[in-house]
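Read through the structure below, which is laid out as structure tokens, and then see the notes.
The values are calculated or read from the model by the stated rules, or taken from the named source; none is laboratory data. This is a predicted model, so every value here is computed, not measured. No Cβ is skipped: glycine too gets one built from the backbone with ideal geometry, and neighbour counts run over all protein chains shown. With ligands, DNA and RNA removed, areas are computed over all heavy atoms of the protein, side chains included. Shrake-Rupley method; radii C 1.70, N 1.55, O 1.52, S 1.80 Å.
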Amino acid sequence: MTLTPARDAAARVPDPVPARSPSPGLLRRAACEFGLTALMLLAVVSGVRWLFTPDGYGGGGTAFALLGAGVGVLLGALLLSAPGRWSGGHLNPAVTVALWRLGVFPGREVVPYVVAQLGGSVAGTWAAGLLWGPVVARPPVSHAVVRPGPGWGEGAVVAAEAGVLAGSALLLAGLLAHPVGRRLLPYAVGLVTALVIAVLGPLSGGSANPARQFGPALLSGEAGRLWVYVAGPVLGAVAGAGLCRRAGMVGMVGVRIARPPVRPRQP
């Protein structure tokens, strides 16, 4: 899960001063989202292949912690990369929805971003299968599809996934409201992701990202519970953004992320 607005989302905030340089076009930014999400899924499936198979680490709670740490570091690096800065490094349809509801991402660009993220999920999962061979398709890897732990019904999973995204939306709004927070955002994203996978991985599955589950569910043929891992994060994103609005945080975020004024040149 990642938590940054697109680079030119700030351009949608009313500002009479023109930008210093043009922002990348939508097609280019969507392509970045596709590629970054594909890299994320390639890394996730590769991690599951080596941490949860008998010829690898062998699974267990420590394996979830190691996977979380690896994915968290990777996400931080992707957000700090040039493509991550161009697109905003959402890599998560629920994050895109949250940013739209917070008023810092244009609604007309939500669908292209989501399509790119879901496409990248399929591409990255498929590439991992090419890289590691048939073992990716067989249990316990099964294309790294997310499954709930024993005793976790669909309602409990939806609630857990929604809670993570609601909290993430609040964190997002709080960090975006301050310049220091925006600089810390990639590191906060990595830490939150690591904790979600380590703590919730053995319980609810710890997805918190519809794109994380989309490709693995389709390619493994286990799409029956896909709706749970889509509905939970999206509902949580909407609820979290709504809480931000009620708390008066949305206006503060919109003002703070506006471009700084350009000082006139001295004659």
Apply the Karplus parameterisation 6.51 cos²θ - 1.76 cosθ + 1.60, with θ equal to phi minus 60°, to every residue of segment 168-174 and state each ³J(HN,Hα) to the nearest whole Hz, in sequence, with x for glycine and proline. 5, 5, 5, 4, 4, 4, x
In nanometres, what is the gap between the two model label sites at VAL135 and ARG246, each 7 Å from Cα along Cα-to-Cβ? 4.9
Taking a 1.4 Å probe, which of TYR187, TYR57, TYR113 shows the most accessible area, and what order do the others take after it? TYR187, TYR57, TYR113
Please give the contour-minus-distance gain from VAL115 to LEU27: 0.36 nm per residue of separation, less the Cα-Cα distance, rounded to one decimal in nm. 30.5 nm
Whole-number D in µm²/s for segment 92-136 (Stokes-Einstein; Kirkwood sum over Cα pairs; 4 °C, 1.567 mPa s): 109
Can you work out D for segment 17-154 in µm² s⁻¹ from Stokes-Einstein, where Rh is the Kirkwood radius over C-alpha pairs, the temperature is 20 °C and the viscosity is 1.002 mPa s? 131
Subtracting the Cα-Cα distance of THR62 and LEU203 from 0.36 nm times their residue separation yields 49.4 nm
Overall Cα dimensions of segment 83-213, principal axis frame, Å, largest first: 45, 33, 26
Fully extended, how many nm does the chain gain between VAL73 and TYR187 (0.36 nm per residue separation, minus their Cα-Cα distance)? 40.2 nm
Plugging the Cβ-Cβ distance of GLU222 and ASP55 into 1/(1 + (r/R0)^6) at R0 = 30 Å yields, to the nearest 0.05, a FRET efficiency of 0.85
Ignoring ligands and nucleic acids, TRP100 exposes an accessible area, probe 1.4 Å, in Å² to the nearest 10, of 110
Cα Rg over Rh - segment 104-174, Kirkwood: 1.08
Estimated inter-spin distance, VAL180 and ARG85, nm [label 7 Å along Cα→Cβ]: 2.2
If I model a spin label as a point 7 Å beyond the Cα along the Cα-Cβ vector, how far apart are those points for LEU195 and ARG147 in nm? 2.9
Evaluate segment 141-223: find the radius of gyration of its Cα atoms, find its Kirkwood radius, and give the ratio Rg to Rh. 1.04
